[in-house]
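> Got a structure here, written out as structure tokens. Questions coming.
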Amino acid sequence: MLNSVSSTHLQGVGNKIEQTMAKKEETETMTQTNLKTQSKVEDIKNKIQSGEYKIDLHKTAEKMAEELVV
């Protein structure tokens with residue numbers, strides 16, 4: 001029975017496997033990128049909370065207001 005499987009069918013199965021593996025790799029890469037980004041955001045948040053970064057709320061509010069007007 002195995003001998004009756006066509007090479008076209010096997011090639012199609014091989015293509016599906018390659019597509020699945022490519023999607024898996026893409027998902028893993030996106031997950032790693034998201035984790036790195038989340039880590040960076042947490043680091044910045046901690047620096048803001050510790051006072052390492054200062055935020056001028058008045059200047060920020062003015063800039064936001066200008067962007068809303070335009």
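The values are calculated or read from the model by the stated rules, or taken from the named source; none is laboratory data. This structure is a prediction, so every number in the text was calculated from the model and none was measured. Glycine gets a Cβ as well: all are built from the backbone with ideal geometry, and neighbour counts include every protein chain shown.
> Report yes if some residue within region 38-56 is at pLDDT 90 or above, assigned to a helix (DSSP H, G or I) and within 12 Å of the chain's Cα centre (by Cα); otherwise report no.
The answer is yes, given that some residue of region 38-56 is at pLDDT 90 or above, assigned to a helix (DSSP H, G or I) and within 12 Å of the chain's Cα centre (by Cα).
> Here are some conditions: (1) modelled with pLDDT of 90 or more; (2) in a helix (DSSP H, G or I); (3) not β-branched (Val, Ile, Thr). Residue 24 meets all but one. Which one does it not meet?
All conditions pass for residue 24, except number (1).
> Could you grab me the full set of residues in region 57-70 that are of a type in the set (A, V, I, L, M) and assigned to a helix (DSSP H, G or I)?
57, 61, 64, 65, 68, 69
> Against the conditions (1) surrounded by fewer than 10 Cβ atoms within 10 Å (Cβ to Cβ); (2) over 26 Å from the mean Cα position of the chain (by Cα); (3) not aliphatic (A, V, I, L, M), where does residue 62 fall short? Just the number, please.
(1)
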